[in-house]
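Please read the structure below before turning to the comments.
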Amino acid sequence: MTQKFSHDSYVRSVLKDPVRTAELLRLASRKNSNLAQFLATVNLDTLQEISEAFSDTATHGAGDLAFTVKIASDEPKQAELLVGIIEEHKSYPEAGIIPQLVKYWFQIMFRNQKNIPTVAIVLYNGKDPYRIEKEVMYPNYPEYYHKIGLPFLLEIVDVSDIFEDEEIPQISPKIALALVALKYVFNGEKLKKYLKPAMAGLTSLPREEAEDFLTQTFIYLTPMASAAAAR
């Protein structure tokens, strides 16, 4: 339980800030054409987290995040249209991700956000490929039912594709350190190599804030790296 809490709370602590989530999405969209197409339709400056008061459900976990964002348009009526974003982090391919996201979408978007169109974004940093497109909502039913689609668009964002190592100094401090931690948590040699330049950016933050985030990072890294070594 401790490992799961550390994993979830760490990612949430970084991405619950709409400014940092917007930065992550912009970085990821450079190599993800589907994500780029989505971002072209919205105004990321209007990104707002859906408060926990509206997401405190049986399907809500410590790492679940949800946002709303407005459509990018010069027409006032259209610009008021909202899109929902669900963010989820996975460090290994999880067979139950589809029903998990569907339940979360229903509780947060359908029931509390007037059924707005939603994009679910899974931030993935596992070692094995995540072939989510082969999954269906009802895999145990006859093939006919496999044609029933998801109630949202689903995008997989692989951390390894988000940034190049030489870009670390150009990325904001918390996003840079988190991305390095996620990208290299299962590769001790590269983690040691790139953790130091990523940590250097924390000097631009207030000392207490920097030290707190550094502590959170090592809390996340320690059990994850130990688990990887044990495999």
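Mind checking the dipole of the chain: about its Cα centre, +1 per Lys or Arg Cβ, -1 per Asp or Glu Cβ, Debye to the nearest 20? Kindly include the intermediate steps, with their values, before the conclusion.
Details: 25 positive and 30 negative charges, 90 e Å.
Rounded to the nearest 20 debye, it is 440 debye.
Show me the trypsin sites (Lys or Arg not before Pro) within the range 118-226 that DSSP assigns to loop and that have at most 11 other Cβ atoms within 10 Å of their Cβ. Don't skip to the end; give the middle numbers.
Working: sites: K127, R131, K134, K147, K174, K183, K190, K192, K193, R207; in loops: K127, R131.
Taking the range 118-226 and a limit of 11 other Cβ atoms within 10 Å, the loop trypsin sites (Lys or Arg not before Pro) found are R131.
Please give the calculated 222 nm ellipticity per residue for the chain, where each DSSP H segment of at least 4 residues contributes -39500 (n - 2.57) and the sum is spread over every residue; nearest 500 deg cm²/dmol?
-12500 deg cm²/dmol
Excluding residues on the same chain fewer than 8 positions from K196, give the lysines whose Cα lies under 16 Å from its Cα.
K174, K183
What angle, in degrees between 0 and 90 and rounded to the nearest 10, separates the Cα long axis of helix 18-29 from the longest principal axis of the Cα atoms of the chain?
That helix lies at roughly 90 degrees to the long axis.
Can you figure out the FRET efficiency of D161 with E75, using R₀ = 45 Å and their beta-carbon distance, to the nearest 0.05?
0.85
Calculate, for the range 96-175, the solvent-accessible area per residue in square angstrom, rolling a 1.4 angstrom probe over the heavy atoms of the protein chains.
Per-residue accessible area for the range 96-175 comes out at 58 Å².
Percent antiparallel among DSSP beta bridges with both residues in the chain, to the nearest 5?
45 percent
Would you mind working out the magnitude of the charge dipole of the range 102-169 relative to its Cα centre, with +1 at each Lys and Arg C-beta and -1 at each Asp and Glu C-beta, to the nearest 20 Debye? Intermediate results must be reported in sequence, preceding the final value.
Numbers: 7 positive and 11 negative charges, 167 e Å.
Value, rounded to 20: 800 debye.
At 1.4 Å probe size, with the rest of the protein present, what percent of the exposed accessible area of the chain is carbon and sulfur atoms?
54 percent
Among L123, L205, L153, which one shows the biggest mean-square fluctuation in a GNM of the chain, springs joining Cα atoms closer than 10 Å?
Result for the chain, Cα springs under 10 Å: L205 fluctuates most.
Tilt of helix 173-184 relative to the longest C-alpha principal axis of the chain, in degrees (0 to 90, nearest 10)?
90 degrees
Of L150, L82, L191, which is the most mobile in a GNM of the chain whose springs link Cα atoms less than 10 angstrom apart?
L150
The values are calculated or read from the model by the stated rules, or taken from the named source; none is laboratory data. Bear in mind that the values here come from a model prediction, so they are computed numbers and not experimental data. Cβ: placed from backbone, ideal geometry, glycine included. Neighbour counts: every protein chain shown. When the accessible area is computed, the model is the full protein with side chains, heavy atoms only, and any ligands, DNA or RNA have been set aside. Shrake-Rupley method; radii C 1.70, N 1.55, O 1.52, S 1.80 Å.
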